[in-house]
Amino acid sequence: MRPDGRRPDQLRPLEIIANYQKHAEGSALVKLGDTWVLCAASVELGVPAWMKGKGTGWLTAEYAMLPRSTHTRSKRDPGGRGKEIQRLIGRSLRAAVDLAHLGERTIAVDCDVLCADGGTRVASVTGAWIALALAIGKLVKSGALPDARALRPPVAAVSVGIVDGEVVLDLPYIEDSKAEVDMNVVGTEDGTLIEVQGTAEKGTFDRKQLDAMLDLATAGIRELTVAQRQVVAAWA
């Protein structure tokens, strides 16, 4: 039995509040259990200097944790871990958008962790796609873009690991802190993968366990993308 009573293949309770921020072109507050992340997408005219004149867009991401999102106060500086996570978010989202159809615009996605209980990076990716989709939808509605071809199918992420010898989905901190293996998986609704980050914390894991974790992760991602589509469709 897991600490919160979930099955090994069960996600934590998920709640998504779309367009949570008034001024952002697209935003979403994602609550995955006790991990809460606010994601906002801002659209700006222009692209980095090295992309000017190419007629294509750009997407960048930033990630930060509020000082009291954890049990003890942390500094606002993202540090090495935060920078690594925001690069992960950026890579994941660039797989979810066709930059050639954005025109020379930059979409900046900010992910701010309000409350952390494991899985902040995967919740950020999941919420960031919703914010991105809503922002592109707003560009289409305003006539700034002729259509939504810039947006590709949903991208989501989930954690998976081995705890006490058992493969489990969506680890909260209490499980993550003692896991033999911890893995973060980013993928699409059809089961294709964008990024896999896996580490054995205590010992090793074999190919059979790896396949079991990936199977569990892709099923979880599929469930998350269904929720993403429902939220975005409600604002279409």
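The values are calculated or read from the model by the stated rules, or taken from the named source; none is laboratory data. Since the model is a prediction, treat every value here as computed from it, not as a measurement. Every residue, glycine among them, receives a Cβ derived from its backbone with ideal geometry; neighbour counts consider all protein chains shown.
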Against the conditions (1) within 24 Å of residue 234 (Cβ to Cβ); (2) in contact with a Gly (Cβ under 9 Å, 6 or more places away or on another chain); (3) outside any loop (DSSP other than H, G, I, E, B), where does residue 60 fall short? Just the number, please. (1)
Output yes when any residue across the range 229-236 is modelled with pLDDT of 95 or more, small (Gly, Ala, Ser) and surrounded by 17 or more Cβ atoms within 10 Å (Cβ to Cβ), and no when none is. no
Could you please find all residues in the range 53-69 being surrounded by fewer than 19 Cβ atoms within 10 Å (Cβ to Cβ) and over 14 Å from the mean Cα position of the chain (by Cα)? 53, 54, 55, 56, 66, 67, 68
Please go through (1) of a type in the set (Asp, Glu); (2) within 24 Å of residue 196 (Cα to Cα); (3) at pLDDT below 95 for residue 112 and return the number of the only condition it doesn't satisfy. (3)
For the range 198-236 the number of residues that are free of Cβ contacts under 8 Å to residues at least 12 places away in the same chain and touching a strand residue (DSSP E or B) at 6+ places or on another chain (Cβ under 9 Å) is 3
Among residues of the range 176-205 being among the acidic types (Asp, Glu) and under 25 Å from residue 128 (Cα atoms), the residue surrounded by the fewest Cβ atoms within 10 Å (Cβ to Cβ) is 190
I'm told residue 118 meets every condition in (1) surrounded by 21 or more Cβ atoms within 10 Å (Cβ to Cβ); (2) outside any loop (DSSP other than H, G, I, E, B); (3) touching an Asp or Glu at 6+ places or on another chain (Cβ under 6 Å) except one. Can you identify the failing condition by its number? (2)
Residue list for the range 24-57, restricted to those being under 18 Å from residue 114 (Cβ atoms) and in a loop (DSSP other than H, G, I, E, B): 24, 33, 34
Single match in 151, 139, 134 (criterion: closer than 19 Å to residue 231 by Cα, surrounded by 20 or more Cβ atoms within 10 Å (Cβ to Cβ), free of Cβ contacts under 8 Å to residues at least 60 places away in the same chain and of a type in the set (A, V, I, L, M, F, W, C)): 151
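Does the range 158-169 contain at least one residue that is hydrophobic (A, V, I, L, M, F, W, C) and out of contact with any helix residue (DSSP H, G or I) (no Cβ under 8 Å at 6 or more places or on another chain)? Break it down into steps so the answer makes sense when it comes.
Restricting attention to the range 158-169, the residues satisfying the condition of being hydrophobic (A, V, I, L, M, F, W, C) are 158, 160, 162-163, 167-169.
Narrowing further to those that are out of contact with any helix residue (DSSP H, G or I) (no Cβ under 8 Å at 6 or more places or on another chain): none.
There is no residue in the range 158-169 that is hydrophobic (A, V, I, L, M, F, W, C) and out of contact with any helix residue (DSSP H, G or I) (no Cβ under 8 Å at 6 or more places or on another chain).
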